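Everything on this sheet refers to the single structure shown next.
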Amino acid sequence: MTRSSRTRAAATRSSTTPATTGSAPRRILRVLAVLVGLLVLGQALVVAQVDPRALLEGLGGVLRLVGDGLPPDPAALPGAGLAVLQTVDIALVATVAATLVSIPFGAAAARPLTVSRYLAAPVRAVAAFLRAIPDLVWALVFVAAVGLGPFAGVLALTVHSVGMLVRLFAEAIEEMDTGPADALFTAGATRAQVFSHAVLPELAPTLGSLVLYRLEQNVRASLVLGFVGAGGIGFQLLSAMEEFQYRQASMLLIVLFALVTVFELGSARVRRAFR
């Protein structure tokens with residue numbers, strides 16, 4: 001073997017030996033990770049009481065319920081029009097109100113713009129609390145406070161949306177190009193002037209897309225809030241189910257599907273226009 005061949009062989013051994021030595025611990029870690037994942041999944045199945053046999057035994061009841069709802073009863077349509085309008089209006093008012101509240105608080109939660117470095121953390125904590133509580137729970141709270149009706153749904157969706165939008169707005173501000181804002185700061189502009197002349201123009205497409213997405217989510221949520229008396233077509237669907245009017249309930253479900261589909265397609269198209 002020539003000297004050059006011995007040199008290449010030694011270099012090859014020196015380059016492969018550490019990788020070979022380090023591959024065994026990595027394989028052990030991967031096996032342990034898989035075992036831990038399986039254990040976590042196993043306990044989740046036990047705690048959640050997942051029972052495929054119960055599902056199979058209950059399929060007959062599901063099929064009977066579906067059969068009772070066919071064919072859908074068009075008699076539910078006249079009353080569904082106002083309920084659909086109420087559902088959309090609940091989501092619209094809540095989204096607009098939450099946006100107006102979230103813009104200044106989102107700026108306060110964003111570290112580059114906050115008035116005080118001690119202010120960002122409390123604002124983020126309050127926003128986290130608002131979004132941590134499900135909108136359905138907020139609806140129960142406001143139904144108890146203001147009574148049954150769509151106003152309780154507006155309040156519930158507004159509070160929950162503020163928690164979501166403050167976080168999203170703050171993150172968008174922190175990820176933006178800070179060049180224009182820094183230039184205004186250097187020129188002596190106030191934080192309010194920087195926000196209105198640099199931040200809002202820069203982030204208008206992003207904020208608009210986030211608001212539209214939140215409106216879409218609020219339309220879905222307002223359907224469920226009707227189950228606790230917060231108005232909208234969800235309340236009408238619950239009433240039909242409680243009165244065993246399954247054919248009318250199936251027609252309302254078709255209306256719900258159409259409403260959500262229209263909003264999803266329309267929202268997606270408008271969001272693409274913002275990009």
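Is there a residue in the stretch 90-106 that is free of Cβ contacts under 8 Å to residues at least 60 places away in the same chain, β-branched (Val, Ile, Thr) and either over 11 Å from residue 162 (Cα atoms) or surrounded by 20 or more Cβ atoms within 10 Å (Cβ to Cβ) (or both)? No: zero hits. Selection of first residues in the stretch 203-214 that are closer than 13 Å to residue 264 by Cα and open to solvent by less than 30 Å² (accessible area, probe 1.4 Å) and of second residues that are hydroxyl-bearing (Ser, Thr, Tyr) and part of a helix (DSSP H, G or I), restricted to Cβ pairs under 8 Å at least 6 apart or on distinct chains, gives the following pairs, ordered by first then second residue: 214/95; 214/99; 214/161.
For the stretch 46-56, the criterion of a residue being among the charged types (D, E, K, R), exposed (fewer than 10 other Cβ atoms within 10 Å of the Cβ) and part of a helix (DSSP H, G or I) is satisfied by at least one position.
Each row is one residue, and each column tells you yes or no for (1) out of contact with any His (no Cβ under 6 Å at 6 or more places or on another chain); (2) at pLDDT 80 or above; (3) not in a helix (DSSP H, G or I).
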residue: 223; (1), (2), (3): yes, yes, no
residue: 231; (1), (2), (3): yes, no, yes
residue: 240; (1), (2), (3): yes, no, no
residue: 249; (1), (2), (3): yes, yes, no
residue: 265; (1), (2), (3): yes, yes, no
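The single condition from (1) more than 17 Å from the chain's Cα centre (by Cα); (2) closer than 21 Å to residue 110 by Cβ that residue 150 fails is (2). Within the stretch 152-186, restricting attention to residues that are modelled with pLDDT under 70 and not in a helix (DSSP H, G or I), the residue that is surrounded by the fewest Cβ atoms within 10 Å (Cβ to Cβ) is 177. Looking at 62, 34, just one residue is at pLDDT 90 or above and over 30 Å from residue 165 (Cα atoms), and that residue is 34.
The values are calculated or read from the model by the stated rules, or taken from the named source; none is laboratory data. On a predicted model such as this, the values are computed, not experimentally measured, just so you know. In this analysis, Cβ positions are derived from the backbone assuming ideal geometry, glycine residues included, and neighbour counts consider all displayed protein chains. The area values use the complete protein model at the heavy-atom level, side chains included, leaving out ligands, DNA and RNA. Shrake-Rupley method; radii C 1.70, N 1.55, O 1.52, S 1.80 Å.
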